[in-house]
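Values in this text are rule-based calculations from the coordinates and carry no lab data. Values in this document were obtained by computation on a predicted structure and should not be read as measured data. Cβ atoms come from the backbone with ideal geometry, glycine included; neighbour counts cover every protein chain shown.
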Amino acid sequence: MRFNSYEFMIARRFLVSGRSQTVLIILGIAIGVAVQVFLISLMDGLQRNLIQRTIGSSPHVTIAPPLSSPQPLGIGGGAIDDYQRPLKTEESEILSWQRYSDYLGSFEEITVAAPMINGNGYIEKGRSSFPVLIKGITLPEADVIYKFNKNTVSGDPRPGGNSVLIGVASSEKSGLKVGDSFYLRNQKGTGDYFSIKGIFDLGSSAANNMVVMSLDRARNFLDITGISSIEIQVHDVFAADDLAEKLRASLNQVKVESWQEKNQELLSGLQAQDTSSAMIQFFVLLSITLGIASVLAIVAIQKSRQLGILKAMGTNDKSAARIFIIQGFSMGFVGALIGILLGLGMTSLFMFGTKSSGGPTYELKITLTNILLPALLALLSASLASLVPARRAAGLNPMEVIRNE
Amino acid sequence: MSDIIFLDRINKFYGSEVVFQVLFDINLSIKSGQFTAIIGPSGSGKSTLLNIIGLLETPTSGKVFLDGLDTSRLNKDELAACRNEKTGFIFQFHYLLPEFTALENILIPYWIGKGRPPGKVVDRALHLMKRIGIEQLGGKYPNQLSGGQQQRVAIARSLINNPKIIFADEPTGNLDSKTSNMVMELLKEIVSENNTTLVMVTHDRDIAAGADRTIEIVDGRINFDSAHTY
């Protein structure tokens, strides 16, 4: 499509002469874009916040021995069962974990791969016992995932020897404080005395029910030769799925699981939210498009006399159509621009508002995509809407106008 | 002098359910540089004939040759370009664009055909305005002008592309007699200065009397042609 300069000039004059209509359309587009920028930023921020809270202080990908989850026993010696059976030595522990660690170190997307020992135990206090998860960690790797440094509410965040960290939930249930010593029993019935060095709050009740000690101490306490799992965090949490897929392809003796697989419900919730916000966006765009189309159609009728004159003087049909497409595009462009500014304003006002009111603060996520996508879509709808009057303009016969007088 | 306009058996029908024939087998040739007046009663088909010669309407059958070009072979876009290049129109109503100043209105036909007018063309527009006595009105919008001034702007507009033919449909029909005479004189002068062919539909026998040739259309047929009475 080749544009002639007079088409721009005439489009501009038509826009200026129909000032109130032009302003109304631009305002409509601007509000539509602003609402979308705000909505998308809000949703995006909310989702990221939710995900951060859910998985921020937990592994994104977990490598575990296959038997750490219930599996068919495989008794009976069927060929298929035999084929599926992992090597005996890797059944309930990862023995060769150093090799895994080295291998995982070669992935750029991995922030940290921390060896872990997991087990169950009971804090014994008098006649009561409180079930806890026992976790053996290495520092500083585990700190990247669980951020004990940040999440320790009292005491010291570094476990060592028989000095351990316990979660706030366990601490509250058992009444133990920093410096207290207690008897911890493992599943096999044996146990030992430990002292509490620090108490942490990881934000979830399961995690706050942990007793955290050094890897070696846990290995010894739980009588494990290797490790229980390798917990991985990645730079882009949404890429965890892909990484899990890759690891699954290369590591066939262990079970690889991403946070997405463990949190299907959260993800489907987020997906539903995405769908509903996409629907809102679609209808906002639709109403913008219909609004522009109807106003421009009226403009085309109002300007049919001028179009007839222009055609009599040699404007062809395509050119007449382009005059309206230019109008639609220009209003879309200006509207989108104002909309972006308005949307950013609304977003920062909202953030300021929630912060100053002391409510739960979370950052609205303003990204280039969040801004450009609604703006581009609005621009596209405005241009599409202008096809309605453009068609009318193209089909207009100059004689209709000239003879009507 | 050569024929700048040649009509070959033009017929024009209107309507689809009730078909109504407006023009019957019109054959006509008009020489370059002539002032031809087309007269006739209302509804005789004279305006339709003018619009067909001016490529604003297409004949139902027959051919229109303009400046040697068979216009029946042109598509819609080419017809539009041909209108822009070869013809100028002056209507009973000025049909200026209200969004543009007088000077801009005069320049629009050039802009449509060739893009933004260079200084040379603007100078030509100013010269034309001066020639027809509206040089001080260039910045005014059509609704700020009197009827005679508007029609003079329309005349300047029809001349900006140096067309070979100017079509005028009752150009003075909306003006008082004094203004009418003034506009008519001006039009004739300018047309003869530029050796432009002028084809004008008019009711006015006095105007027709001043033409080089008068053609009377009655009921869609040429009833009288002064060229054949010499």
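Take each residue in A:305-312, count the other chain C-beta atoms within 10 Å of its C-beta, and the mean is 6. Restricting the chymotrypsin sites (Phe, Trp or Tyr not before Pro) of segment B:23-70 to loop positions (DSSP other than H, G, I, E, B) with no more than 15 neighbouring Cβ atoms within 10 Å leaves nothing. Only lysines eight or more places from B:Lys12 in sequence, or on another chain, were considered; those with a Cα closer than 22 Å are A:Lys311, B:Lys46, B:Lys63, B:Lys76.
Here the spin labels are modelled as points 7 Å beyond Cα on the Cα-Cβ line, and at A:Glu108 and A:Arg19 they lie 5.7 nm apart. Full extension of the chain between B:Leu69 and B:Arg116 gives 14.2 nm of extra length, using 0.36 nm per residue less the Cα-Cα distance. If R0 equals 22 Å, the separation of the Cβ atoms of B:Ala209 and B:Asp25 corresponds to a calculated FRET efficiency of about 0.20. Once the C-beta distance of A:Ser5 and A:Ser250 is scaled by a Förster radius of 56 Å, the resulting FRET efficiency is 0.35 to the nearest 0.05.
Here's the list of aspartates and glutamates a cross-link from A:Lys173 could span, going by alpha-carbon distance under 12 Å and ignoring same-chain residues fewer than 8 apart: A:Glu124. Relative to the longest principal axis of the Cα atoms of chain A, helix A:5-17 runs at roughly 90 degrees.
Of A:Met210, A:Met331, A:Met351, the residue with the greatest mean-square motion in the GNM of chain A, using alpha carbon springs below 10 Å, is A:Met351.
Straight-distance candidates among the aspartates and glutamates for linking to A:Lys150, with alpha-carbon spacing under 20 Å and chain neighbours fewer than 8 residues away dropped: A:Glu141, A:Glu172, A:Asp201, A:Glu231, A:Glu363.
Peptide B:76-87 is shielded by partner chain Cβ atoms: per residue, an average of 4 of them sit within 10 Å of its Cβ. Taking only Cα atoms, what is the 0 to 90° angle, nearest 10, from helix A:19-55's long axis to the longest principal axis of chain A? It works out to around 10 degrees. Helix A:264-302 and the long axis of chain A differ in direction by around 10°, with both axes built from C-alpha atoms. Applying 0.36 nm per residue to the separation of A:Arg127 and A:Asp156 and subtracting their alpha-carbon distance, the gain on full extension is 7.6 nm.
A simple spin-label model places the labels of A:Leu341 and B:Arg9 6.7 nm from each other, with each point 7 Å out along Cα-to-Cβ. Extending 7 Å from the Cα toward the beta-carbon at both A:Glu400 and B:Asp123 defines two label points whose distance is 4.3 nm. For the pair A:Thr369 and A:Arg12, the difference between a 0.36 nm per residue extended length and the Cα-Cα distance amounts to 125.5 nm.
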